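**Q** There's a structure below that I have some questions on.
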Amino acid sequence: MQRVVLVTGSSRGIGAATAIQLGKQGYSVCVNYVSSAIAANRVVTIIQSFGSKAIAIKADVSNENEVVQLFKKIDNSLGPLTHLVNNAGILLPQMLVSEMTAERINKVLTTNVTSYFLCSREAIKRMKKGGSFVNVSSAASRLGSPSEYVDYAASKGAIDTLTTGLSLEVASQNIRVNCVRPGFIYTGMHADGGEPDRIERVETSIPLQRGGKPEEVAAAIAWLLSDEASYVTGTFVDLAGGK
Ligand code: NAP
């Protein structure tokens, strides 16, 4: 059976590295993005160079209608989804909880949490013969990100709970749901948080004394997604250099 995967938010960073890794392994890949069309098409070209199918689809995965349309487009161009990587996420500028507005909190929660629920719902409908998900959470769910972005950390706490609950809910349908919790990975996300050099600042507090590469996270995602992990569900893999 052809493996068809959606990697949400795969124009850049961890999602792009994961889409490329899965394309190299022969998956047909949907590269999803919300604004970076050129970067998404670059990822598609790389995957096609391995001889695998790939398409780029623009969709805001926090928007229910756009998620429904995204999955219909995947059905029509690649066939029914067999694998899902819930990865798209945002980080807003560092701020104390005492200063956060409802608008900010809701934007983080809808982008980082509602989107994972919506994509999971549409994927489950299509996984009649089983399937495999990986949710991208964060070390922040354990650490809480005080004085930086507790809203973001809390959104990732919700993803940990979604992973546990959903893995149990769909296990009898032979759908596996696992989670990775990266931390301190070199991507553009830290600039969005207002501190492009954040990893350099915290490097000495990381037991391995360095930040991680998106490819190091992609390797763990690819394993959890694959049949090699066929007896693994509801599991968390921490990729935070020992932190
Ligand atoms: P990134 O480099 O900022 O890339 C974010 C990706 O998400 C982009 O492809 C972006 O698309 C997409 N995206 C954002 N909002 C979207 C939306 N509403 N709908 C669809 N796509 C959307 O981020 P990253 O560092 O790779 O992070 C990826 C995941 O890893 C996130 O869930 C993040 O929380 C998690 N994570 C990252 C780190 C880290 O240190 N970097 C650590 C722990 C966890 P456009 O390019 O079109 O904007």
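The values are calculated or read from the model by the stated rules, or taken from the named source; none is laboratory data. Worth saying up front: this structure is predicted, and the values here are computed from it rather than measured. All Cβ positions, glycine included, derive from the backbone under ideal geometry; neighbour counts span all protein chains shown.
**Q** Say whether the condition of being closer than 25 Å to G23 by Cβ and surrounded by 15 or more Cβ atoms within 10 Å (Cβ to Cβ) is met by at least one residue in region 90-99.
**A** Among the residues of region 90-99, at least one is closer than 25 Å to G23 by Cβ and surrounded by 15 or more Cβ atoms within 10 Å (Cβ to Cβ), which makes the answer yes.
**Q** Further, regarding this structure: Tell me, yes or no, whether region 111-133 has at least one residue that is surrounded by 23 or more Cβ atoms within 10 Å (Cβ to Cβ), polar (S, T, N, Q), in contact with a Cys (Cβ under 7 Å, 6 or more places away or on another chain) and more than 13 Å from L6 (Cβ to Cβ).
**A** No: zero hits.
**Q** On the basis of being loosely packed, with under 15 Cβ neighbours inside 10 Å and in contact (Cβ under 8 Å) with a residue 12 or more places away in the chain, does D60 make the cut?
**A** Against the criterion (loosely packed, with under 15 Cβ neighbours inside 10 Å and in contact (Cβ under 8 Å) with a residue 12 or more places away in the chain), D60 does not qualify.
**Q** Further question: So the check is Cβ under 8 Å with 6+ separation or different chains; which pairs have a first residue in region 15-42 that's under 14 Å from N87 (Cβ atoms) and a second one that's aromatic (F, W, Y)?
**A** Taking only residues 6 or more apart or on different chains, the pairs are A40/Y33.
**Q** In the list S141, S98, which residue meets the criterion of being more than 16 Å from the chain's Cα centre (by Cα) and modelled with pLDDT of 95 or more?
**A** Of S141, S98, the one residue that is more than 16 Å from the chain's Cα centre (by Cα) and modelled with pLDDT of 95 or more is S98.
**Q** OK, next. What about G13, is it farther than 18 Å from M189 by Cβ, modelled with pLDDT of 95 or more and of a type in the set (G, A, S)? Walk me through it before giving the result.
**A** Working: farther than 18 Å from M189 by Cβ: no; modelled with pLDDT of 95 or more: yes; of a type in the set (G, A, S): yes.
So G13 does not fit the description; no.
**Q** Specify which of the listed residues (A153, A191, A222) is free of Cβ contacts under 8 Å to residues at least 12 places away in the same chain and either more than 8 Å from the ligand (Cβ to nearest atom) or under 28 Å from Q25 (Cβ atoms) (or both).
**A** On inspection, the qualifying residue turns out to be A191.
**Q** Find the residue count for region 212-243, including only residues that are farther than 15 Å from L143 by Cβ, under 21 Å from the mean Cα position of the chain (by Cα) and not in a strand (DSSP E or B).
**A** Result for region 212-243: 22.
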